[in-house]
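Novice: Just passing along the structure, written as structure tokens.
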Amino acid sequence: MSFGYRVLVCAILIQTYFDLKTKARKGGRNFQMRQEALGFLKTDWFETLCTAIDLDPSFVRKEMLRASANTRNRAPRIKT
């Protein structure tokens, strides 16, 4: 597999991660991006991309969802 393809796959997975971690209000742009990212995690394409760069799709999916849940449940930071 070419280096460029690996970079592209990594970029797609990184963007998915960021879309999941973004705080989202229902109906907003971030909400739509998050919903699309959640849907992407369920696709064969996601599994194909992970496998293409030697990642376990189940593990990647689980960790992305875990990180996403941690972001949404975290208390807001207070600047001092």
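Novice: Any residue at all in region 54-61 that's at pLDDT 95 or above, touching a helix residue (DSSP H, G or I) at 6+ places or on another chain (Cβ under 9 Å), surrounded by 11 or more Cβ atoms within 10 Å (Cβ to Cβ) and not in a helix (DSSP H, G or I)?
Specialist: yes
Novice: What tally of residues in region 23-45 results from selecting those that are in a loop (DSSP other than H, G, I, E, B), on the phi < 0 side of the Ramachandran plot and over 10 Å from the mean Cα position of the chain (by Cα)?
Specialist: Counting residues in region 23-45 that are in a loop (DSSP other than H, G, I, E, B), on the phi < 0 side of the Ramachandran plot and over 10 Å from the mean Cα position of the chain (by Cα) gives 7.
Novice: Collect the residues in region 1-22 that are closer than 19 Å to Ala69 by Cα and outside any loop (DSSP other than H, G, I, E, B), keeping them in residue-number order.
Specialist: Answer for region 1-22, where residues must be closer than 19 Å to Ala69 by Cα and outside any loop (DSSP other than H, G, I, E, B): Leu13, Ile14, Gln15, Thr16, Tyr17, Phe18, Asp19, Leu20, Lys21.
Novice: So, one more: Mind checking which residues of region 1-26 are β-branched (Val, Ile, Thr) and within 14 Å of Phe40 (Cα to Cα)?
Specialist: Listed by number, the residues that qualify are Val9, Ile12, Ile14, Thr16.
Novice: Within region 32-52, take every residue that is surrounded by 15 or more Cβ atoms within 10 Å (Cβ to Cβ) and among the aliphatic types (A, V, I, L, M) and give me the one that is nearest to Arg6 (Cα to Cα).
Specialist: Leu49
The values are calculated or read from the model by the stated rules, or taken from the named source; none is laboratory data. These figures come from a predicted structure and were not determined experimentally. With ideal geometry, Cβ positions are generated from the backbone for all residues, glycine too; neighbour counts draw on all protein chains shown.
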